[in-house]
1. Could you identify the single residue in A:Glu90, A:Glu95 that is surrounded by fewer than 16 Cβ atoms within 10 Å (Cβ to Cβ) and charged (D, E, K, R)?
2. Restricting the stretch A:226-248 to residues that are more than 20 Å from the chain's Cα centre (by Cα) and surrounded by 11 or more Cβ atoms within 10 Å (Cβ to Cβ), which is farthest from A:Phe88 (Cα to Cα)?
3. For A:Asp107, work out the one condition from (1) within 18 Å of A:Cys85 (Cβ to Cβ); (2) over 13 Å from the mean Cα position of the chain (by Cα) it doesn't fulfil.
4. So, in the stretch B:75-115, exactly how many residues are in a strand (DSSP E or B) and of a type in the set (Gly, Ala, Ser)?
5. For the stretch A:21-75, give me each residue that is more than 14 Å from chain B (Cβ to nearest Cβ), among the β-branched types (Val, Ile, Thr) and surrounded by fewer than 20 Cβ atoms within 10 Å (Cβ to Cβ).
6. Take A:Lys5 and tell me if it is more than 14 Å from chain B (Cβ to nearest Cβ), over 30 Å from A:Leu100 (Cα atoms), free of Cβ contacts under 8 Å to residues at least 40 places away in the same chain and surrounded by fewer than 19 Cβ atoms within 10 Å (Cβ to Cβ).
7. Picking from B:Phe118, B:Phe68, B:Phe37, which residue would you name as being surrounded by 10 or more Cβ atoms within 10 Å (Cβ to Cβ), more than 14 Å from chain A (Cβ to nearest Cβ) and assigned to a helix (DSSP H, G or I)?
8. Inside the stretch A:60-77, can you point out the residues that are free of Cβ contacts under 8 Å to residues at least 12 places away in the same chain and assigned to a loop (DSSP other than H, G, I, E, B)?
Amino acid sequence: MQFNKEQTKALKELLYLLADDELILGHRNSEWTGLGPILEEDIAFSSMAQDKIGHAQNFFEMLHELGEPEPDTNAFARDENLFRCCHFVEYPIGEYNFSLMRHFLFDHAMFIRYGMLSGSSYEPLASAVRKFKGEMIYHVLHADTWIKQLSQADEESYRLMQSALDECLPLALGMFETLSGENLLSDSGIYSGEELLRQSWIEKVVPLIESAGLILPDLNNIQPAFGGRKGIHTDYLKPLLDEMSEVFKIDPDAEW
Amino acid sequence: MKIRSLDPRITRLEIEKNKEPVIDLKPLDHWQTFEVFVQVKKGQHHSHVGSLHAPNPEMAYILAKEQFGRRTKIVSLWVVKTADVFTAPGDEIMFERNDEKIYREAGGYKVMDRINRFKKSKK
């Protein structure tokens with residue numbers, strides 16, 4: 001399918017959302033490598049972080065096909081205000097309860113988004129996200145199991161999971177900020193949009209949160225942390241980008 | 001005095017030097033162990049590949065998946081509580097061989113797996 005100039009621009013916004021969310025959270029989660037709570041979980045969490053970077057790489061390659069810079073340059077040498085990631089992924093890893101809750105809320109959203117995109121009229125995107133399905137099934141199984149386990153283990157772990165949920169929800173709802181050119185995406189069959197995703201996500205995660213025994217605040221009273229999709233970021237992003245690109249910037253032309 | 005490391009993640013944790021460990025685990029204060037079995041191909045046996053600590057089968061399963069299914073392709077994974085594996089005490093002596101009855105041993109079975117694999121590959 002051929003897209004006109006405006007549609008292509010909107011498609012790029014979508015690809016930057018996907019690439020940046022996966023890259024930044026992949027990098028954040030990899031900060032647990034070597035510091036995980038137990039050895040097997042360290043391996044599992046690191047492995048999933050790697051999966052995310054892998055997904056990001058696929059999206060950066062699509063962007064390159066559409067005339068954007070080389071994947072490495074695009075990931076490591078782009079200005080902060082050109083990033084399209086949401087605030088949720090920028091936040092530091094915090095304690096493990098925060099990282100786990102973010103993993104749970106984020107991966108369910110991304111899994112549903114991938115599902116919606118698996119029928120996209122932009123074929124390279126549709127076939128890529130279909131490839132990610134197996135990995136995502138594991139990611140959400142991993143997240144669901146931990147959330148259930150820690151919410152029901154003892155009083156302390158319950159309290160920690162509840163406080164992580166309360167802290168995460170405004171940030172999580174910020175994932176669904178309307179994209180620039182979103183109506184063009186739905187009209188051309190590329191992507192049916194963030195509002196539909198938000199509804200499906202709520203239908204998916206609310207029963208899981210309730211069956212874990214956590215108390216869900218009224219989502220309508222929560223102010224979502226918007227801004228990321230427009231390039232307005234938290235103070236956490238810049239130091240992350242500096243650290244992530246430190247080696248790349250020593251010699252940007254190095255052959256790897 | 002805080003620990004400063006070349007690894008920025010360690011430095012960020014702001015760990016006090018010479019501080020007592022936060023959690024004091026008693027020798028038996030650990031999770032139980034689970035035995036992990038993987039199936040490499042449909043129709044083949046599940047083979048034992050190792051064990052790990054977990055609080056319950058669900059947790060054992062998600063931890064085993066990356067621990068034992070990451071480097072090779074597998075199609076199925078089982079976890080079994082180590083405590084559920086039955087064995088008889090003193091089995092080592094029971095299995096000792098009597099050299100005079102060596103005619104009972106079926107040495108041919110040892111290469112049977114290889115023969116079967118070879119036959120299959122020729123089909």
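1. It is A:Glu95.
2. Let us first name the residues in the stretch A:226-248 that are more than 20 Å from the chain's Cα centre (by Cα), namely A:246-248.
Those still in the list that are surrounded by 11 or more Cβ atoms within 10 Å (Cβ to Cβ) too: A:246, A:248.
On the way: A:Glu246: 23, A:Phe248: 25 Å.
Checked the stretch A:226-248; the qualifying residue farthest from A:Phe88 (Cα to Cα) is A:Phe248.
3. The failed condition is (2).
4. Count: 1.
5. A:Ile53, A:Thr73
6. yes
7. Step by step, each of B:Phe118, B:Phe68, B:Phe37 is checked, and only B:Phe118 is surrounded by 10 or more Cβ atoms within 10 Å (Cβ to Cβ), more than 14 Å from chain A (Cβ to nearest Cβ) and assigned to a helix (DSSP H, G or I).
8. Selection gives A:Gly67, A:Pro69, A:Glu70.
The values are calculated or read from the model by the stated rules, or taken from the named source; none is laboratory data. Just so it is clear, the structure is predicted and the values come from calculations on it, not from any experiment. Cβ atoms come from the backbone with ideal geometry, glycine included; neighbour counts cover every protein chain shown.
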